[in-house]
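Throughout, read-outs are computed from the coordinates displayed, never taken from laboratory work. The model shown is predicted, which means the values in this text are computed figures rather than measured ones. No Cβ is skipped: glycine too gets one built from the backbone with ideal geometry, and neighbour counts run over all protein chains shown.
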Amino acid sequence: MQFARRLATTIFAAAALVALGSAAAGTAQSEPYYKNCAEVRAAGKAPLHEGEPGYAEHLDRDGDGIACEPKR
């Protein structure tokens, strides 16, 4: 009985780790991260609008919801 309980616990723990790893991997790949606007422009994604993948407040200097917009 103890063997079956240990086996079940081990299987449950392994499944939990696999699920957490899959969730983390999915999150990391689903949202691009740009360090600065030069990276956004190099990727051909400028300008970025709030709600779009890759948009982040640190890229939006004037806080208008448009990041890496062309200089006026």
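Take the residues in the range 47-72 that are in contact with a helix residue (DSSP H, G or I) (Cβ under 9 Å, 6 or more places away or on another chain), small (Gly, Ala, Ser) and without any contact (Cβ under 8 Å) to a residue 24 or more places away in the chain, then tell me which one is nearest to residue 33 (Cα to Cα).
Selected residue: 54.
Residues that are in contact with a strand residue (DSSP E or B) (Cβ under 7 Å, 6 or more places away or on another chain) and part of a loop (DSSP other than H, G, I, E, B): does the range 42-54 have at least one?
Pass one, the range 42-54, residues in contact with a strand residue (DSSP E or B) (Cβ under 7 Å, 6 or more places away or on another chain): 47-49, 54.
Now drop any that are not part of a loop (DSSP other than H, G, I, E, B), which leaves 47, 54.
Yes, the range 42-54 has at least one match.
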